[in-house]
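Shown next, in structure tokens, is the structure this report addresses.
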Amino acid sequence: MNKKKSGSKMWIFWAIVLVVGFWYLVLKDDDSSIFSPNVFRILASTSTEMMEGDLKAFAKKNNINLEINYYGDLEIVDILNTNSSDYDAVWLSNSLWLYQLENSYLTSDSKSIVMNPVVLGINKKKAEELGFVGKDLYNKDILNAIRDGKLKYIMASVTKTNTGATTYLNFLNNLAGNPEVLTEEMLDNQELRTNLKDFFKGVERVSGDEEYLKEMYLNGDYDAMINYESNFIELNKKLVKEGKDPLYLIYPIDGVAINDMPFAYINNDLKDEKNKNKFLKLQEYLRSDESIKKMEKMGYRSWYGGIKEKTDSKTFNPEWGINTSKYLKDMKYPSKKVITKAIAVYIEELRKPTHVVFCLDVSGSMYGDGIEELKDSMNYILNYETASKDNLQFSDTDKITVITFNADVDKVFDTKFGKDTNEVIKNINELSPYGGTNIYDSSIKGLEILKDESDDYTKTIILMTDGKSNNGTYRNLKNYYQSNKLNIPIYSITFGSSDDRDLREIAELTNAKVFDGKSGLRRAFTEVRSYN
């Protein structure tokens with residue numbers, strides 16, 4: 001009897017093996033098959049997500065097993081410089097970033113897909129008040145409005161996003177007098193640095209990505225924002241639908257940053273003609289009339305710099321300051337060496353200083369790996385040498401406060417000079433977890449510290465917790481925040497078994513967001529750092 005059962009099981013086993021083997025032979029050349037390891041991977045900027053559905057549908061029809069991974073443009077440069085073999089093609093916001101690669105032969109066959117200017121959008125009533133509507137403006141006109149205290153704006157991170165970096169480079173180039181070639185020596189000009197510092201004084205909030213920047217504007221009370229033209233078009237349609245004032249777009253006649261959104265092949269294996277052909281098919285589709293028409297409807301330009309008389313006025317709406325029959329002057333991007341120095345100058349001197357409050361959970365549940373990972377992450381962020389490798393370092397004009405909490409506020413220590421963090425790091429390394437969890441009172445304490453801080457600083461709270469709060473109440477936090485009419489974001493990092501619902505409630509109250517630290521606390525701290 002046992003032998004029969006054993007024989008029956010073996011028959012079933014070999015039958016399964018034969019069936020699987022048969023289908024493997026049938027499907028092994030079909031790239032869309034789950035058995036095929038032959039996946040074509042695109043490393044793409046988040047600004048290209050609008051075509052994901054269409055691109056994947058085209059790929060499926062052409063038996064291309066397509067995978068798209070999205071990152072910010074500057075992060076893509078880092079990935080390509082260190083781990084390009086994981087990808088077959090790259091779709092960026094701007095060809096500028098291809099020239100920042102350490103290996104200039106890493107990519108080939110790059111072609112621009114569509115154009116997308118980076119512009120300043122101002123609430124229409126505010127733009128009329130400034131006298132900006134229907135007028136030819138220069139970048140200095142924007143600078144003067146900021147200097148006079150008449151204009152403030154929100155923008156994406158200069159060190160982490162394409163719009164932030166190209167906005168900075170555009171103003172740098174224009175305020176330097178639009179030279180034929182921007183040099184390192186020009187960056188040392190004190191008048192230029194003073195002008196740029198004044199420009200960044202207008203920043204109210206910073207976002208680590210352009211998409212969240214739109215949400216920040218929708219949920220906040222701001223007059224202006226710097227973003228892609230296509231994002232403004234999408235946002236304005238939503239604002240008008242909700243009966244709100246649209247944003248009026250400003251295109252300085254002395255130059256704007258225009259993104260050409262290049263799609264390029266990654267030369268991992270020059271002999272792999274089959275892979276190269278897949279790339280060429282995808283590129284041809286993206287540049288086809290069918291795709292271009294779809295992208296135009298979403299607010300992307302199919303023409304470079306020049307003019308186009310006939311466009312959809314519901315998309316490229318003249319009432320929003322968009323004039324497609326007017327030539328846009330593109331800026332000239334400097335060399336890799338100059339850009340590297342420019343970013344360093346921005347971090348150390350030009351960036352509006354920040355006062356960030358870290359609220360760190362040291363409750364009993366953090367004992368063991370939790371507290372060690374927290375210490376490691378904070379050591380990385382606060383150490384000038386390690387943080388500067390990723391352009392995350394604090395400058396001497398920044399202020400840092402650390403609040404530790406368990407069932408109540410535990411300790412408070414700070415530094416008024418962002419580079420002088422040795423004592424802060426020492427205090428963090430001596431932390432010992434114990435007690436319950438109270439995310440609310442520690443957040444209120446952080447708000448009390450920042451409430452009276454000068455508007456010369458951007459003000460941010462970063463809250464980290466590994467469990468559910470069992471002390472304090474959301475009601476107390478909400479009452480304090482609203483009664484003091486605050487506009488200070490409380491960003492949260494989830495960790496361990498933290499209750500995301502509590503943190504999302506705080507994020508909604510303060511027009512902020514929650515970051516996932518459960519798969520890596522250091523990465524989460526790195527990401528949230530780009531929001532302040």
Checklist line | Out of I461, I488, sole residue that is touching a residue at least 12 places away in the same chain (Cβ under 8 Å) and out of contact with any Pro (no Cβ under 8 Å at 6 or more places or on another chain) | finding: I488
Notebook entry, point to check: Does L374 meet the test of being within 14 Å of T354 (Cα to Cα) and in contact with a helix residue (DSSP H, G or I) (Cβ under 7 Å, 6 or more places away or on another chain)?
Noted result: no
Checklist line | the stretch 170-200 - residue that is within 18 Å of L213 (Cβ to Cβ) and of a type in the set (A, V, I, L, M, F, W, C) and, of those, surrounded by the fewest Cβ atoms within 10 Å (Cβ to Cβ) | finding: F200
Next item on the list: Go through the stretch 81-127 and count every residue that is buried (at least 16 other Cβ atoms within 10 Å of the Cβ), polar (S, T, N, Q) and part of a loop (DSSP other than H, G, I, E, B).
Entry: 2
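Listed here are the residues, each with its yes/no results for (1) part of a helix (DSSP H, G or I); (2) surrounded by 20 or more Cβ atoms within 10 Å (Cβ to Cβ).
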| residue | (1), (2) |
| --- | --- |
| E349 | yes, no |
| K352 | no, no |
| S365 | yes, yes |
| E372 | yes, no |
| K375 | yes, no |
| M378 | yes, yes |
| D390 | no, no |
| D414 | no, no |
| E423 | yes, no |
Checklist line | Pair list, Cβ under 8 Å, 6 or more apart: the stretch 498-516 residue over 16 Å from E215 (Cβ atoms), other residue crowded, with 19+ Cβ neighbours inside 10 Å and of a type in the set (S, T, Y) | finding: S498/T465; D499/S469; D500/T494; D502/S469; L503/T465; L503/S492; L503/T494; D516/T494
Next item on the list: Might you let me know whether the stretch 482-503 holds any residue that is surrounded by fewer than 17 Cβ atoms within 10 Å (Cβ to Cβ), in contact with a His (Cβ under 9 Å, 6 or more places away or on another chain) and either in the same structural domain as E372 (by TED's automatic domain parsing) or closer than 18 Å to M366 by Cα (or both)?
Entry: no
Notebook entry, point to check: With (1) without any contact (Cβ under 8 Å) to a residue 60 or more places away in the chain; (2) under 18 Å from Y212 (Cα atoms); (3) touching a strand residue (DSSP E or B) at 6+ places or on another chain (Cβ under 6 Å) as the list, and N427 as the residue in question, which single condition is left unmet?
Noted result: (2)
Notebook entry, point to check: Looking at the stretch 52-75, which of the residues that are touching a helix residue (DSSP H, G or I) at 6+ places or on another chain (Cβ under 8 Å), outside any strand (DSSP E or B) and at pLDDT 95 or above is farthest from D289 (Cα to Cα)?
Noted result: N65
Next item on the list: Go through the residues of the stretch 329-338 one by one and say whether even a single one is buried (at least 22 other Cβ atoms within 10 Å of the Cβ) and either part of a helix (DSSP H, G or I) or not assigned by TED's automatic domain parsing to the domain that holds G164 (or both).
Entry: no
Notebook entry, point to check: Could you count how many residues in the stretch 119-172 are under 21 Å from L192 (Cα atoms), under 21 Å from the mean Cα position of the chain (by Cα) and among the basic types (K, R)?
Noted result: 1
Next item on the list: Out of the residues in the stretch 463-480 that are of a type in the set (K, R) and closer than 15 Å to R504 by Cβ, state the one that is modelled with the highest pLDDT.
Entry: K478
Next item on the list: Would you mind finding the one in D408, D398 that is touching a Gly at 6+ places or on another chain (Cβ under 9 Å) and either within 25 Å of F199 (Cβ to Cβ) or surrounded by 22 or more Cβ atoms within 10 Å (Cβ to Cβ) (or both)?
Entry: D398
Item checked: Looking only at the stretch 494-532, and only at residues there that are in a helix (DSSP H, G or I) and among the β-branched types (V, I, T), the one that is farthest from E373 (Cα to Cα) -> T510
Item checked: Scan of the stretch 77-97 for residues that are touching a strand residue (DSSP E or B) at 6+ places or on another chain (Cβ under 6 Å) and under 24 Å from Y168 (Cβ atoms), ordered by number -> V90, W91, L92, S93, N94, S95
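The values are calculated or read from the model by the stated rules, or taken from the named source; none is laboratory data. Remember, predicted model here, so these are calculated numbers, not experimental data. Glycine gets a Cβ as well: all are built from the backbone with ideal geometry, and neighbour counts include every protein chain shown.
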